[in-house]
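**Q** This is the structure I have questions about; it appears just below.
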Amino acid sequence: MADGDQRKLVEVADPAALARAAAGRLLARMPDNPAFIAICLTGGSSPKQLYELLATEDYRSKIPWNRVHWFIGDERFVPASDERNNMAMARRIFLDHWAPSANIHPIPTDAASPDEAAARYERELKAFYGADELDPARPLFDLVLMGVGPDGHTASLFPGYPALRETVRWVVGVPEAHVEPFVPRVTLTLPALASCREMLFEVSGAGKRAILTRALAGEALPANRARSNGETVWLVDESALSGDSRAA
Ligand code: 6PG
(Lines give C-alpha, C1' and ligand atoms only; values in the text may rest on other atoms or scores of the structure.)
Protein backbone atom coordinates (compact mmCIF):
# COMPACT_ATOMS: atom_id res chain seq x y z
CA MET A 1 0.00 0.00 0.00
CA ALA A 2 1.38 3.46 -0.87
CA ASP A 3 -0.19 6.69 0.36
CA GLY A 4 -0.53 9.98 -1.50
CA ASP A 5 3.09 10.97 -1.07
CA GLN A 6 4.69 7.75 -2.33
CA ARG A 7 5.32 6.39 1.12
CA LYS A 8 4.90 2.66 1.14
CA LEU A 9 3.16 1.16 4.16
CA VAL A 10 4.00 -2.46 4.90
CA GLU A 11 1.88 -4.19 7.56
CA VAL A 12 3.28 -7.11 9.54
CA ALA A 13 1.83 -9.18 12.37
CA ASP A 14 4.05 -8.41 15.35
CA PRO A 15 7.43 -7.06 16.51
CA ALA A 16 9.25 -10.28 15.55
CA ALA A 17 7.85 -10.16 12.00
CA LEU A 18 8.74 -6.48 11.86
CA ALA A 19 12.36 -7.19 12.78
CA ARG A 20 12.53 -9.96 10.15
CA ALA A 21 11.07 -7.68 7.49
CA ALA A 22 13.52 -4.90 8.37
CA ALA A 23 16.48 -7.31 8.33
CA GLY A 24 15.39 -8.63 4.95
CA ARG A 25 15.21 -5.12 3.52
CA LEU A 26 18.61 -4.26 5.00
CA LEU A 27 20.20 -7.33 3.41
CA ALA A 28 18.55 -6.50 0.10
CA ARG A 29 20.48 -3.22 0.11
CA MET A 30 23.81 -5.03 0.03
CA PRO A 31 24.26 -5.71 -3.66
CA ASP A 32 27.11 -7.90 -4.76
CA ASN A 33 29.54 -5.19 -5.84
CA PRO A 34 32.88 -3.98 -4.50
CA ALA A 35 31.62 -0.55 -3.37
CA PHE A 36 31.16 0.47 0.24
CA ILE A 37 27.65 0.21 1.65
CA ALA A 38 26.47 2.85 4.11
CA ILE A 39 23.77 2.10 6.66
CA CYS A 40 22.45 4.81 8.97
CA LEU A 41 21.12 3.27 12.18
CA THR A 42 18.68 4.77 14.63
CA GLY A 43 18.18 4.85 18.39
CA GLY A 44 15.25 4.33 20.70
CA SER A 45 13.83 0.92 21.50
CA SER A 46 12.29 0.13 18.08
CA PRO A 47 15.43 -1.21 16.35
CA LYS A 48 16.57 -3.44 19.23
CA GLN A 49 14.99 -6.62 17.88
CA LEU A 50 16.40 -5.92 14.44
CA TYR A 51 19.89 -5.51 15.88
CA GLU A 52 19.50 -8.77 17.81
CA LEU A 53 18.48 -10.53 14.62
CA LEU A 54 21.46 -9.15 12.70
CA ALA A 55 23.70 -10.74 15.33
CA THR A 56 22.34 -14.22 14.61
CA GLU A 57 24.19 -16.60 12.31
CA ASP A 58 21.48 -16.58 9.61
CA TYR A 59 21.82 -12.86 9.11
CA ARG A 60 25.37 -12.01 10.09
CA SER A 61 26.72 -14.62 7.66
CA LYS A 62 25.04 -12.71 4.81
CA ILE A 63 26.52 -9.31 5.69
CA PRO A 64 29.76 -8.40 3.86
CA TRP A 65 31.17 -6.82 7.02
CA ASN A 66 34.31 -5.38 5.43
CA ARG A 67 32.28 -3.37 2.97
CA VAL A 68 29.53 -2.10 5.24
CA HIS A 69 29.89 1.19 7.12
CA TRP A 70 27.53 1.93 10.02
CA PHE A 71 26.45 5.46 10.90
CA ILE A 72 23.78 6.80 13.29
CA GLY A 73 21.02 9.29 12.45
CA ASP A 74 20.91 10.97 15.84
CA GLU A 75 22.54 10.72 19.21
CA ARG A 76 21.83 11.69 22.78
CA PHE A 77 24.70 13.93 23.93
CA VAL A 78 25.89 11.54 26.63
CA PRO A 79 29.15 9.59 26.87
CA ALA A 80 29.53 6.43 24.80
CA SER A 81 29.51 4.49 28.08
CA ASP A 82 26.05 5.84 29.04
CA GLU A 83 23.27 3.32 28.48
CA ARG A 84 21.16 6.03 26.81
CA ASN A 85 23.74 6.39 24.01
CA ASN A 86 22.13 5.20 20.76
CA MET A 87 25.24 3.89 19.02
CA ALA A 88 26.30 2.10 22.21
CA MET A 89 23.19 -0.07 21.99
CA ALA A 90 23.95 -1.07 18.40
CA ARG A 91 27.60 -1.67 19.31
CA ARG A 92 26.74 -3.82 22.29
CA ILE A 93 24.19 -5.96 20.45
CA PHE A 94 25.95 -6.57 17.16
CA LEU A 95 28.46 -4.08 15.79
CA ASP A 96 31.30 -4.65 18.25
CA HIS A 97 31.07 -8.40 17.66
CA TRP A 98 31.14 -8.37 13.86
CA ALA A 99 31.97 -5.02 12.29
CA PRO A 100 35.56 -3.84 11.82
CA SER A 101 35.97 -0.90 14.21
CA ALA A 102 37.02 1.40 11.35
CA ASN A 103 33.57 0.80 9.82
CA ILE A 104 31.67 2.01 12.89
CA HIS A 105 30.99 5.75 12.81
CA PRO A 106 29.53 7.03 16.11
CA ILE A 107 28.65 10.67 16.69
CA PRO A 108 31.52 11.95 18.89
CA THR A 109 29.83 12.82 22.17
CA ASP A 110 33.23 13.54 23.73
CA ALA A 111 33.10 16.89 21.89
CA ALA A 112 32.86 20.11 23.93
CA SER A 113 29.25 20.73 22.82
CA PRO A 114 26.50 19.24 20.64
CA ASP A 115 27.34 21.83 17.96
CA GLU A 116 30.98 20.79 17.92
CA ALA A 117 29.97 17.10 17.77
CA ALA A 118 27.68 17.94 14.85
CA ALA A 119 30.44 19.78 12.97
CA ARG A 120 32.84 16.87 13.51
CA TYR A 121 30.31 14.29 12.34
CA GLU A 122 29.45 16.37 9.30
CA ARG A 123 33.15 16.42 8.38
CA GLU A 124 33.30 12.65 8.81
CA LEU A 125 30.25 12.12 6.62
CA LYS A 126 31.65 14.41 3.93
CA ALA A 127 35.00 12.60 3.98
CA PHE A 128 33.22 9.25 3.61
CA TYR A 129 31.00 10.60 0.81
CA GLY A 130 33.96 12.25 -0.92
CA ALA A 131 32.25 15.60 -1.55
CA ASP A 132 30.90 18.60 0.34
CA GLU A 133 27.63 18.75 -1.57
CA LEU A 134 25.04 16.02 -1.82
CA ASP A 135 24.43 14.87 -5.38
CA PRO A 136 20.86 13.59 -5.83
CA ALA A 137 22.20 11.00 -8.28
CA ARG A 138 24.58 9.56 -5.67
CA PRO A 139 22.93 8.91 -2.28
CA LEU A 140 24.97 9.24 0.90
CA PHE A 141 23.34 6.16 2.46
CA ASP A 142 22.03 2.91 1.09
CA LEU A 143 19.57 2.58 3.96
CA VAL A 144 18.46 4.96 6.72
CA LEU A 145 16.57 3.44 9.66
CA MET A 146 14.09 5.66 11.50
CA GLY A 147 11.64 5.55 14.40
CA VAL A 148 8.71 7.76 15.35
CA GLY A 149 8.36 9.38 18.77
CA PRO A 150 5.06 10.06 20.58
CA ASP A 151 5.16 13.72 19.45
CA GLY A 152 5.88 12.79 15.82
CA HIS A 153 9.62 13.45 16.01
CA THR A 154 12.07 11.34 14.11
CA ALA A 155 15.84 11.19 14.60
CA SER A 156 16.16 14.22 16.95
CA LEU A 157 14.03 16.44 14.74
CA PHE A 158 11.31 17.64 17.11
CA PRO A 159 8.11 19.49 16.11
CA GLY A 160 8.68 23.23 15.78
CA TYR A 161 12.45 23.08 16.35
CA PRO A 162 14.81 25.09 14.08
CA ALA A 163 16.75 21.93 13.15
CA LEU A 164 13.79 20.97 10.98
CA ARG A 165 14.29 24.00 8.75
CA GLU A 166 17.99 23.35 8.12
CA THR A 167 18.77 23.12 4.42
CA VAL A 168 22.56 23.48 4.29
CA ARG A 169 24.13 21.64 7.21
CA TRP A 170 24.10 17.84 7.28
CA VAL A 171 24.27 17.55 11.09
CA VAL A 172 23.19 19.98 13.82
CA GLY A 173 23.22 20.21 17.60
CA VAL A 174 19.86 20.30 19.41
CA PRO A 175 20.21 22.04 22.79
CA GLU A 176 17.25 20.33 24.43
CA ALA A 177 14.96 17.41 23.68
CA HIS A 178 11.17 17.52 23.50
CA VAL A 179 10.79 14.03 25.01
CA GLU A 180 12.75 11.76 27.34
CA PRO A 181 15.63 11.42 27.75
CA PHE A 182 15.89 15.17 28.27
CA VAL A 183 19.50 15.52 27.21
CA PRO A 184 20.87 17.60 24.33
CA ARG A 185 20.95 15.81 21.00
CA VAL A 186 22.90 15.76 17.77
CA THR A 187 20.92 14.96 14.65
CA LEU A 188 21.27 14.56 10.94
CA THR A 189 19.10 17.05 9.08
CA LEU A 190 16.28 16.31 6.66
CA PRO A 191 18.43 16.79 3.50
CA ALA A 192 21.18 14.50 4.79
CA LEU A 193 18.70 11.82 5.85
CA ALA A 194 16.88 12.11 2.52
CA SER A 195 20.07 11.28 0.65
CA CYS A 196 19.50 7.54 0.68
CA ARG A 197 18.23 4.74 -1.51
CA GLU A 198 15.74 3.73 1.17
CA MET A 199 14.41 5.26 4.39
CA LEU A 200 12.90 2.56 6.58
CA PHE A 201 10.68 3.41 9.56
CA GLU A 202 9.88 0.81 12.20
CA VAL A 203 6.63 1.48 14.06
CA SER A 204 5.49 -1.11 16.55
CA GLY A 205 3.19 -1.47 19.55
CA ALA A 206 -0.08 -0.04 20.82
CA GLY A 207 1.82 2.93 22.24
CA LYS A 208 2.36 4.16 18.67
CA ARG A 209 -1.32 4.01 17.65
CA ALA A 210 -2.15 7.66 18.31
CA ILE A 211 0.88 9.09 16.54
CA LEU A 212 0.61 6.64 13.65
CA THR A 213 -3.01 7.68 13.10
CA ARG A 214 -1.90 11.32 12.98
CA ALA A 215 1.01 10.55 10.67
CA LEU A 216 -1.08 8.54 8.25
CA ALA A 217 -3.67 11.32 8.22
CA GLY A 218 -0.94 13.47 6.72
CA GLU A 219 -0.20 15.85 9.61
CA ALA A 220 2.96 17.95 9.08
CA LEU A 221 4.94 16.03 11.70
CA PRO A 222 8.73 15.74 11.45
CA ALA A 223 8.32 12.01 10.76
CA ASN A 224 6.12 12.85 7.79
CA ARG A 225 8.58 15.41 6.49
CA ALA A 226 11.42 12.91 6.53
CA ARG A 227 11.40 11.33 3.10
CA SER A 228 14.01 9.53 1.08
CA ASN A 229 14.99 10.83 -2.32
CA GLY A 230 14.57 7.16 -3.21
CA GLU A 231 12.13 4.85 -1.45
CA THR A 232 10.36 5.58 1.87
CA VAL A 233 8.88 2.58 3.66
CA TRP A 234 6.96 2.42 6.95
CA LEU A 235 6.97 -1.04 8.49
CA VAL A 236 4.11 -1.16 10.98
CA ASP A 237 2.80 -3.99 13.10
CA GLU A 238 -0.84 -4.79 13.83
CA SER A 239 -0.82 -3.44 17.36
CA ALA A 240 0.33 -0.02 16.11
CA LEU A 241 -2.48 0.14 13.58
CA SER A 242 -5.84 1.25 14.90
CA GLY A 243 -9.09 0.91 12.98
CA ASP A 244 -8.76 4.58 12.04
CA SER A 245 -5.29 4.30 10.55
CA ARG A 246 -6.23 1.16 8.61
CA ALA A 247 -9.00 3.13 6.95
CA ALA A 248 -6.63 6.04 6.17
C1 6PG B 1 16.20 8.64 19.95
C2 6PG B 1 15.76 8.32 18.57
C3 6PG B 1 14.33 8.67 18.27
C4 6PG B 1 13.55 7.39 18.25
C5 6PG B 1 12.07 7.64 18.44
C6 6PG B 1 11.33 6.34 18.62
O7 6PG B 1 17.35 8.97 20.15
O8 6PG B 1 15.35 8.50 20.85
O9 6PG B 1 16.62 8.16 17.60
O10 6PG B 1 14.08 9.41 17.15
O11 6PG B 1 13.76 6.71 17.06
O12 6PG B 1 11.89 8.42 19.58
O13 6PG B 1 11.77 5.77 19.82
P14 6PG B 1 11.32 4.35 20.29
O15 6PG B 1 11.85 3.38 19.30
O16 6PG B 1 11.96 4.17 21.64
O17 6PG B 1 9.85 4.37 20.34
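The values are calculated or read from the model by the stated rules, or taken from the named source; none is laboratory data. For clarity, every value in this text was computed on a predicted model and none was experimentally measured. Reconstructed Cβ throughout: ideal geometry from the backbone, glycine too, with neighbour counts over all protein chains shown. For accessibility, only protein heavy atoms count, side chains too; no ligands or nucleic acids. Shrake-Rupley method; radii C 1.70, N 1.55, O 1.52, S 1.80 Å.
**Q** With only Lys, Arg, Asp and Glu charged, each at its Cβ (+1 for the first two, -1 for the last two), find how big the charge dipole of the chain is about the Cα centre; round to the nearest 20 debye.
**A** The calculated dipole for the chain is roughly 260 debye.
**Q** Which of 12, 40, 22 sits closest to the plus end of the dipole of segment 4-79, meaning its Cα is farthest towards the positive end, when Lys and Arg get +1 and Asp and Glu get -1 on the C-beta?
**A** Value: 40.
**Q** Note the per residue figure in Å³ for the convex hull of the C-alpha positions in segment 138-239.
**A** 93 Å³
**Q** Can you give the Kirkwood hydrodynamic radius of the chain from its Cα pairs, in Å with one decimal?
**A** With all distinct Cα pairs of the chain included, I get 18.0 Å.
**Q** Going by accessible area, probe 1.4 Å, with all protein chains left in place, what is the ranking of 30, 87, largest first?
**A** The most accessible residue leads, giving 30, 87.
**Q** Right, here's the next one. If r is the Cβ-Cβ distance from residue 27 to residue 135 and R0 is 35 Å, what FRET efficiency results, to the nearest 0.05?
**A** It comes out at approximately 0.85.
**Q** Let me understand segment 72-146 better: what is its radius of gyration from the alpha carbons, and its Dmax, in angstrom?
**A** Gyration radius and largest Cα-Cα distance of segment 72-146: 13.2, 38 Å.
**Q** When the helices in the chain are scored as -39500 (n - 2.57) per DSSP H run of 4 or longer and the sum is shared across all residues, what 222 nm value do you end up with, to the nearest 500 deg cm²/dmol?
**A** Result for the chain: -7000 deg cm²/dmol, rounded to the nearest 500.
**Q** Same structure again: Take each of the peptides 71-79, 140-148, 232-240, average the number of other beta-carbon atoms within 10 Å over its residues, and list them starting from the highest.
**A** 140-148, 71-79, 232-240
**Q** Springs between alpha-carbon pairs under 10 angstrom, Gaussian network model over the chain: which of 152, 43, 160 fluctuates most?
**A** Greatest mean-square fluctuation among the candidates belongs to 160.
**Q** About its Cα centre, what dipole magnitude does segment 159-198 give when the only charges are +1 on Lys and Arg Cβ and -1 on Asp and Glu Cβ, stated in debye to the nearest 20?
**A** With only Lys, Arg, Asp and Glu charged at Cβ, the dipole is about 160 debye.
**Q** Considering only DSSP beta bridges where both residues belong to the chain, give the percentage that are antiparallel (nearest 5).
**A** If we restrict to bridges inside the chain, about 30 percent are antiparallel.
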